[in-house]
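Working notes for the structure below.
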Amino acid sequence: MAETATPAETVSRARRSPAQHLAEAFTSGSVPGTVTLTEIPYQAMVGIRVDRTSDAGARVASVVGGLPAACGEVTGNDSVNTLWLGPTEFLVVAPEEAHDSLGGSLGSDLTTALGNDAGQVVDLSANRTTFELSGSHARAVLEKTCSLDLHPRVFKPGTAVSTELAHIPVMLWKTSEDSYRIFPRASFADFLGRWLLDAMREYASPEVP
């Protein structure tokens, strides 16, 4: 008798990430160590609105490992991170398995922490995808279109801000000296993915050091 797939397995098999059709292009257009582009699909993302100084804010912070206090700040750990969107607005980013539909409990834990106090917890996992751009020329690629000062003395690892790339609104998070995570809305993933590939092309040349 064939085994019956669990609801989580059925969902997993049916899903297609916003940039899945570009996976081969991302691989062929990347040069390891110089500049690489990949999609990290299906991350759990939860939008939170809460006063971080309130009792509810303290309870929510205990679930995610803290809430950022200022623009650009990121709190949390290697698996669950919270990005500052505004004084009372935050985006929690966690691995796929944290999603409630896959047996995780991040969303329900945050809803419980908020309780009946003022605020909001919203599952935004399908709203955005995640691109990772890394390598010694990753910053140069971003500087072709980003108006921010991305110099390392200004834009340090652990900083995440709202900006635009190729006129597409994104969250840009510098995760290490040569690595960035980009969060475009799913509907813009194809356009931005292709734009980044085009911007990377000059660095794929063998003449580029």
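The values are calculated or read from the model by the stated rules, or taken from the named source; none is laboratory data. Values in this document were obtained by computation on a predicted structure and should not be read as measured data. No Cβ is skipped: glycine too gets one built from the backbone with ideal geometry, and neighbour counts run over all protein chains shown.
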If Ser108 satisfies every condition in (1) surrounded by fewer than 17 Cβ atoms within 10 Å (Cβ to Cβ); (2) assigned to a loop (DSSP other than H, G, I, E, B) but one, which is the exception? (2)
Restricting attention to region 147-162, report how many residues are without any contact (Cβ under 8 Å) to a residue 40 or more places away in the chain and in contact with a Ser or Thr (Cβ under 9 Å, 6 or more places away or on another chain). 3
Residue hits (region 82-106; touching a residue at least 60 places away in the same chain (Cβ under 8 Å) and in contact with a helix residue (DSSP H, G or I) (Cβ under 7 Å, 6 or more places away or on another chain)) are Ser101, Leu102, Gly103, Gly104, Leu106
Residue check: is Ala160 of a type in the set (Gly, Ala, Ser), touching a Phe, Trp or Tyr at 6+ places or on another chain (Cβ under 6 Å) and either farther than 20 Å from Val92 by Cα or modelled with pLDDT of 95 or more (or both)? yes
Leu114 vs. criteria among the aliphatic types (A, V, I, L, M) and within 23 Å of Ala166 (Cα to Cα): no
Give region 107-146 a look and list any residue that's without any contact (Cβ under 8 Å) to a residue 40 or more places away in the chain and outside the structural domain of Phe191 (by TED's automatic domain parsing), or say none. Ser108, Thr111, Thr112, Asn116
Selected residue (criterion: surrounded by the most Cβ atoms within 10 Å (Cβ to Cβ)) from residues of region 43-59 that are out of contact with any strand residue (DSSP E or B) (no Cβ under 6 Å at 6 or more places or on another chain) and hydrophobic (A, V, I, L, M, F, W, C): Val50
Being more than 16 Å from Asp55 (Cβ to Cβ) and more than 19 Å from the chain's Cα centre (by Cα) is the filter here; which residues of region 106-115 pass it? Ser108, Asp109
Scan Asp55, Asp51, Asp78 and give me the residue that is free of Cβ contacts under 8 Å to residues at least 24 places away in the same chain, more than 27 Å from Asp190 (Cβ to Cβ) and outside the structural domain of Pro157 (by TED's automatic domain parsing). Asp78
